[in-house]
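This report concerns only the one structure given below.
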Amino acid sequence: MTPALGLPQEAYAWALSDLPGISPVRLVALLRQDPPEAAWGRVLRGEVVRPAPSPQTRVMGARPTWADVAARRDLGRGWAAIRSAGIGVTYLGCAGLAATLSEDPEPPGVLFWLGDLTALDRPCVAIVGTRHCTGYGRAVAIELGRDLAECGICVVSGLALGIDGAAHVGALAAGGAGPLGVAASGVDMPYPRRHADLWRRVVAAGAVISETAPGRPAQAWRFPARNRLIAALARAVVVVESHASGGSMLTVAAAAERGIDVLAVPGPITSASSAGTNQLLHEGLTPVRHAGDVLAALGDLRPWPPPSRPTRCSGPASGSGGSRGSEATRHSGPPMTGVVSTERPARPARPAEGLRLEPAVRQVLSAIDRTSTATSVIADRTGLPIGPLSSVLLHLETLGLIRSQGMWWERCPEP
Amino acid sequence: MLAIVPSATLLGVDGWPITVEIHTSTGLPGFAVVGLPDASCREARDRVRAALLSSGLPWENRRVTVNLAPSGMRKSGAGLDLPIAVGLLVASEALRPRDLAGTAFIGELGLDGSIRGVPGVLSMVEAVREPIIVVPPSCFGEASVLGRHEVRTAATLNELVDALRGRRAWSYPPSPDDMAPEMEPDLADVRGQALGRAAVEVSAAGGHHLLMVGPPGAGKSMLARRLPGLLPPLTSAESFATTRIHSAAGIPLPSRGVVQRPPFRAPHHGASAVSLVGGGTATMRPGEISCAHFGILFLDELAEFPTAVLDTLRQPLEEGAIRVCRARASVTFPARFLLVAAMNPCPCGEGMTPSGCRCGESARHRYSGRISGPLLDRFDLRVTVDRPDIAQLLPSGRSAPASEESTEIVAARVAAARRLASERGVRCNAELPAEALDELAPLTPAARDVLEARLRQGRLSARGLHRVRRVARTLSDLGGRIGPIGEEDICGALILRSDPFPAQVISG
């Protein structure tokens with residue numbers, strides 16, 4: 001038996017969660033009975049029996065008991081590694097675990113996090129959807145993520161490809177409230193790999209949490225479990241795009257069980273990627289047209305869009321490319337921490353006024369949409385030759401009024 | 001009896017002198033061709049025999065050995081039919097050896113005794129050392145280009161024998177009329193597309209490789225097909241080099257036998273790597289990139305080309321030539337072409353408007369991954385081409401259509417810019433050496449600041465910097481601004497070289 005190491009309870013909680021094949025239910029049962037250190041003691045004494053493998057699993061060789069595993073585990077070193085990686089640990093019964101989680105019918109036994117967990121103190125809205133999203137879904141997820149984050153909402157999502165990632169991208173772009181990523185793998189194991197950079201940015205601006213022990217990859221059953229955690233954290237769940245069945249529908253079911261509001265973004269009835277969301281709307285859920293609808297569901301009845309900002313369909317309807325807001329500026333100021341504030345902050349002067357832009361510059365600025373606009377479209381709309389046009393574009397970019405995405409441009413929220 | 005007839009063969013785009021030796025002797029009748037002939041060369045036996053018999057010329061049942069010297073080199077093609085037949089006629093004493101003094105022969109024989117054209121005559125003529133050369137009538141034009149030989153021709157074997165024996169005069173094919181140059185599509189047909197038109201003009205003026213990204217039907221191919229019309233005609237050296245390649249590749253030559261307009265090659269995306277860069281097992285045939293030498297290689301639907309095929313373009317794009325090596329031979333094909341490519345922004349093609357795209361994110365990611373970074377880096381000009389406004393396509397009666405600039409006007413600006421480039425000692429600005437940029441493309445302080453900011457942000461690499469400066473030089477040349485490059489031209493070059501696949505498209 002390992003001598004007492006003077007480790008904190010969190011270290012034992014981590015060790016318990018890292019036992020091979022321990023289910024969340026089992027972990028919760030253990031922690032409900034004893035504090036982590038005592039539970040670990042019971043494991044070491046062999047009082048907690050490892051469940052028999054299911055008949056489907058083929059077991060190769062001898063299967064060590066949990067007591068064997070626990071006896072061989074070097075808790076001191078493992079714990080030091082977790083501390084040095086900056087990973088936070090909390091567990092069921094510990095004061096550090098957010099109330100929304102500890103009071104949940106299926107609470108997490110142990111929770112790991114990277115980043116700043118105070119993100120959870122803000123009202124949380126989950127934005128979920130399919131990994132195989134369309135450009136429309138992606139654009140909507142980014143817009144909702146951005147607008148909600150600007151209003152001080154913590155955007156919760158799963159860091160997956162498609163809608164999840166787009167929601168995080170939007171929330172990060174706002175520079176408002178930090179987003180929260182809920183991962184199925186260990187918090188130090190970015191998955192999917194393509195989102196490793198996004199993962200880092202979410203950690204830097206907000207936090208990434210997971211039930212999986214650090215260093216462990218995601219197993220398939222972790223993803224539905226992760227979705228229930230997303231639902232449990234949120235005050236409202238927005239489904240942007242979902243196929244008729246899939247992970248987002250599990251999140252919806254988990255939210256419904258908990259009585260959490262679910263909203264859905266309508267999509268074309270011909271699009272398979274919107275089949276699930278349209279079905280939800282048919283069943284009577286609230287449709288989402290913009291962030292204002294989500295705020296209303298939270299009880300914040302401010303008018304939307306904010307008066308200084310055009311609606312998506314306004315603006316002079318010339319050109320071929322749909323929307324072209326002429327006064328696309330947004331409110332800035334300190335991010336509001338409470339959503340239920342009906343007072344709007346005073347808006348600063350629009351930057352375009354402050355800078356006294358030349359006519360050509362104004363012309364270029366008004367030719368750029370809030371969504372991405374191709375350089376060729378701007379050239380055709382303004383009729384400027386390439387040299388002066390480029391010079392203006394780069395100038396506006398330096399001023400932070402627009403930003404470039406390769407061959408496309410879009411208006412920025414104020415820096 | 002031994003007869004020796006000079007001729008030439010083609011390897012890649014180069015001709016090599018060949019001596020055809022024919023030996024006839026008593027013994028078991030037979031006909032052997034030795035000296036590494038390929039299949040088409042070995043078949044000469046059957047063609048020559050039939051041609052002689054149907055021309056009523058003597059064919060002796062003797063033991064015949066044909067040696068193609070130097071015997072270590074692989075011979076290919078049917079061009080050696082004629083020298084073999086002539087050699088046999090000497091051996092059977094239908095011709096006297098002095099009839100062919102100083103004469104080389106190239107040509108394929110038909111079974112009826114007619115003399116047919118073969119590919120690569122220009123290169124082969126170049127290799128021949130004899131003062132007189134007999135070629136098929138259809139190749140007379142290209143054979144005369146070099147002007148070093150006395151070129152003769154005959155339509156049939158009988159006519160040839162008579163002319164060689166002095167029984168009739170050599171006939172010359174009528175010199176082709178100066179045909180009106182083929183009408184190339186006019187740039188005035190393109191409505192709108194300010195950026196696309198500018199990019200095509202800069203590409204033609206500076207020889208900068210161009211990538212156009214846009215939805216289907218936006219007019220990418222339309223713009224590309226108007227690019228050759230903007231280029232100046234080939235100089236005589238360029239024209240000679242291009243004609244050699246076209247002749248070797250078997251591409252029909254213009255009536256005068258010389259390629260004078262820059263070629264435009266547009267291989268389909270099903271093209272194999274060998275068909276693009278050249279090669280092949282039996283014959284080393286120049287590929288599409290060499291056929292586009294001093295012209296334009298247009299790759300439509302760039303992302304549909306297999307990645308491995310596209311990456312074979314990287315070396316020729318840098319060096320202007322490609323070295324193809326096979327077990328039996330290695331050949332260098334010249335390939336100094338202007339690469340123009342078009343592709344959709346995503347598989348469904350509607351990715352320019354975020355809401356119109358039906359593609360999954362992973363599908364878009366895979367699509368953009370099909371163009372390797374190094375290849376993308378070689379495009380100096382990368383622009384979007386969007387569908388034109390309806391108003392521009394269907395001008396209403398009230399407002400007369402604003403006439404766009406025609407090919408003639410733009411070509412004049414291009415020619416002026418190319419003249420400025422040649423004063424700097426290069427064909428076009430894309431070839432300006434990096435070390436001479438400080439001298440030939442100096443920057444104004446404002447332009448310097450723009451570039452410095454870009455470099456500091458890590459949005460421009462050192463190589464990218466050189467490319468941007470060359471494009472900026474072209475922009476200022478087109479605008480007639482001599483001297484240091486100003487801020488607008490640098491900005492223009494930067495905008496014309498935007499990344500079509502940004503790492504994270506924020507809104508789309």
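Some observations on this one:
- Solvent-accessible area lost in complex, 10 Å² minimum, residues of segment B:468-491 relative to chain alone, 1.4 Å: B:LEU475, B:GLU487, B:GLU488, B:CYS491
- Cα-based helix-to-principal-axis angle, B:236-249 vs chain B, degrees rounded to 10: 70 degrees
- Percent accessible area from carbon and sulfur atoms, segment A:149-197, protein chains only, probe 1.4 Å: 49 percent
- Per residue, segment B:387-484 exposes 57 Å² of solvent-accessible protein surface, assessed with a 1.4 angstrom probe and all protein chains in place.
- Beta-bridge orientation, the protein assembly as shown: approximately 45 percent antiparallel, per DSSP, counting only bridges with both partners inside.
- Extent along principal axes [Cα atoms of segment A:231-294; Å; largest to smallest]: 32, 26, 17
- The angle between the Cα long axis of helix B:445-456 and the longest principal axis of the Cα atoms of chain B comes to about 80 degrees, rounded to the nearest 10.
- Averaged over A:134-147, number of beta-carbon atoms from partner chains that fall within 10 Å: 5
- Acute angle (nearest 10 degrees) that the helix B:407-423 long axis makes with the longest principal axis of chain B, alpha-carbon atoms: 80 degrees
- Whether segment B:1-147 is rounded, prolate or oblate, judged on the alpha carbon gyration tensor where a/c under 1.5 counts as rounded: prolate
- Rounded percent of accessible protein surface that carbon and sulfur make up, chain B, 1.4 Å probe: 53 percent
- Accessible area per residue in Å² at 1.4 Å probe, computed on segment A:117-256: 28 Å²
- The tail of the calculated P(r) for segment B:99-242 beyond 22 Å holds 57 percent of all Cα-Cα pairs.
- Karplus-based coupling profile of segment B:430-436, in residue order and whole Hz: 4, 9, 4, x, 4, 6, 9, with θ = phi - 60° in 6.51 cos²θ - 1.76 cosθ + 1.60 and x standing for Gly or Pro.
- Among the trypsin sites (Lys or Arg not before Pro) in segment A:15-76, those placed in a DSSP loop whose Cβ has at most 11 other Cβ atoms within 10 Å are A:ARG45, A:ARG58.
- Over 21 Å [Cα-Cα, segment A:1-132], rounded percent: 49 percent
- For B:MET284, the amide hydrogen comes within under 5 Å of the amide hydrogens of B:GLY12, counting only partners 5 or more places away or on other chains and with H modelled in the peptide plane.
- 10 Å Cβ shell holding at most 12 others, DSSP loop, GluC sites (Glu not before Pro): longest site-free stretch of chain B: B:183-508
- Proportion of all alpha-carbon pairs of segment A:172-220 beyond 18 Å (%): 25 percent
- Tensor-based shape of segment B:1-47 (alpha-carbon gyration tensor, a/c under 1.5 rounded, otherwise prolate or oblate): oblate
- Ranking B:PHE298, A:PHE223 by solvent-accessible area of protein heavy atoms (1.4 Å probe, all protein chains present), from largest to smallest, gives A:PHE223, B:PHE298.
- Here's the picture: charge each Lys and Arg Cβ at +1 and each Asp and Glu Cβ at -1 in segment B:95-200, and of B:GLY166, B:GLY141, B:VAL121 the one pushed furthest to the positive end of that dipole is B:GLY166.
- Prolate/oblate/rounded label for the protein assembly as shown (Cα gyration tensor, a/c 1.5): prolate
- Take the accessible area of A alone and of B alone, subtract that of the pair with a 1.4 Å probe, and the total buried over both chains is about 3500 Å².
- Per-residue mean of foreign Cβ neighbours for A:397-408 is 5 (Cβ atoms of other chains, 10 Å radius).
The values are calculated or read from the model by the stated rules, or taken from the named source; none is laboratory data. None of the values given here were measured: they were computed from a predicted structure. Please note: Cβ atoms are built from the backbone with ideal geometry, for glycine as well, and neighbour counts cover all protein chains shown. Each accessible area value is taken on the protein alone, full model and side chains, heavy atoms only, with ligands, DNA and RNA left out. Shrake-Rupley method; radii C 1.70, N 1.55, O 1.52, S 1.80 Å.
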